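Enquirer: Have a look at this one before I ask anything.
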Amino acid sequence: ILRWNGTAWQRVSSPGAANGFLVGVAAVSAGSAWAVGDSDANTLILRWNGTAWKQVSSPAPAEGSILYGVAAASAHSAWAVGGADIKDLIVRWNGTGWKRVHSPGPAVRDVLNCVAAISARSAWAVGDARHSASSVLTLIVRWNGKAWKQVPCPSPAGRDVLSGVAALSARSAWAVGATFTGPFGSPGKARTLIV
């Protein structure tokens, strides 16, 4: 973990999770931040309390669970997304603990790669839904304050993934990723995708 102090990046001590790998980070303030990833094929969540990073208990519904993205609307409201074995995973911080929340992911194999929180009542998460070896479609889900709902989105090649999302308001958001024009995942066969 590295931290910018206004002048330079400095390494900060982090909890020694076995085989830990951090993928996403979000900060609410100088004294409150989250980092997510996985440790030995289970979800990993770390919390910055203004002084040190501490590991926090996190839901790990299946072996192979990983969290790819985290977003915080406040110190009492945060989201983390990823995948559990072959199904997408959404967990929510309610101010006291992380709890798994139902996801409307449509496919047998889907994953959420990134999440953006506007407020406790509004958030977006993006990823991909693999319907078959040759059919991978973009996946966007939206938190409306009560539940996550899938939202229609472009998937121009039928082999597309979304890896990032940013939102300014309930009416203004961007999602980015790649569309594959050759065999899925083949090197040099991807083009940028913005929706």
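Enquirer: Run Leu22 past the list (1) assigned to a strand (DSSP E or B); (2) touching a Ser or Thr at 6+ places or on another chain (Cβ under 7 Å); (3) not aromatic (Phe, Trp, Tyr) and report the number of the one that doesn't hold.
Expert: For Leu22, the exception is condition (2).
Residue by residue, here is whether (1) under 18 Å from the mean Cα position of the chain (by Cα); (2) closer than 30 Å to Asp40 by Cβ; (3) part of a strand (DSSP E or B) holds:
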| position | (1), (2), (3) |
| --- | --- |
| Ser103 | yes, yes, no |
| Gln150 | yes, no, yes |
| Leu168 | yes, no, yes |
| Ala173 | yes, no, yes |
| Arg191 | no, no, yes |
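Enquirer: Could you pull out the residue among Gly145, Gly127, Gly164, Gly83 that is in contact with a strand residue (DSSP E or B) (Cβ under 8 Å, 6 or more places away or on another chain), free of Cβ contacts under 8 Å to residues at least 60 places away in the same chain and assigned to a loop (DSSP other than H, G, I, E, B)?
Expert: The unique qualifying residue is Gly145.
Enquirer: Ok, one more. If we keep just the residues of segment 119-147 that are open to solvent by 10 Å² or more (accessible area, probe 1.4 Å), modelled with pLDDT of 95 or more and hydrophobic (A, V, I, L, M, F, W, C), which is nearest to the chain's Cα centre (by Cα)?
Expert: Top of the filtered list is Trp124.
Enquirer: Out of all the residues in segment 66-104, which are among the aliphatic types (A, V, I, L, M) and surrounded by fewer than 19 Cβ atoms within 10 Å (Cβ to Cβ)?
Expert: Ala75, Ile86, Val101
Enquirer: Could you give me the residue pairs with C-beta distances under 9 Å whose first residue belongs to segment 89-101 and is over 16 Å from Trp148 (Cα atoms) and in a strand (DSSP E or B), whose second residue is open to solvent by 20 Å² or more (accessible area, probe 1.4 Å) and among the hydrophobic types (A, V, I, L, M, F, W, C) wherever it lies, and which are 6+ apart or on separate chains?
Expert: From residues that are over 16 Å from Trp148 (Cα atoms) and in a strand (DSSP E or B), the pairs are Trp98/Val56.
Enquirer: Looking at segment 1-21 only, could you name the residues that are under 25 Å from Ala41 (Cβ atoms), small (Gly, Ala, Ser) and either touching a His at 6+ places or on another chain (Cβ under 7 Å) or open to solvent by 50 Å² or more (accessible area, probe 1.4 Å) (or both)?
Expert: Ser13, Ser14, Gly16, Ala18
Enquirer: I need the full set of residues from segment 25-59 which are part of a loop (DSSP other than H, G, I, E, B) and closer than 17 Å to Asn94 by Cα, in order please.
Expert: Once the filter is applied, which keeps residues that are part of a loop (DSSP other than H, G, I, E, B) and closer than 17 Å to Asn94 by Cα, segment 25-59 yields Asn49, Ser57, Ser58, Pro59.
Enquirer: Hey, among Ala84, Ala73, which residue is touching a Ser or Thr at 6+ places or on another chain (Cβ under 8 Å), at pLDDT below 90 and more than 12 Å from Gly37 (Cβ to Cβ)?
Expert: Result: Ala84 is the single residue among Ala84, Ala73 that is touching a Ser or Thr at 6+ places or on another chain (Cβ under 8 Å), at pLDDT below 90 and more than 12 Å from Gly37 (Cβ to Cβ).
The values are calculated or read from the model by the stated rules, or taken from the named source; none is laboratory data. What you see is a predicted model, and the numbers here were worked out from it, not measured in a lab. Cβ coordinates were reconstructed from backbone atoms using ideal geometry, including for glycine residues, and neighbour counts include every protein chain displayed. When the accessible area is computed, the model is the full protein with side chains, heavy atoms only, and any ligands, DNA or RNA have been set aside. Shrake-Rupley method; radii C 1.70, N 1.55, O 1.52, S 1.80 Å.
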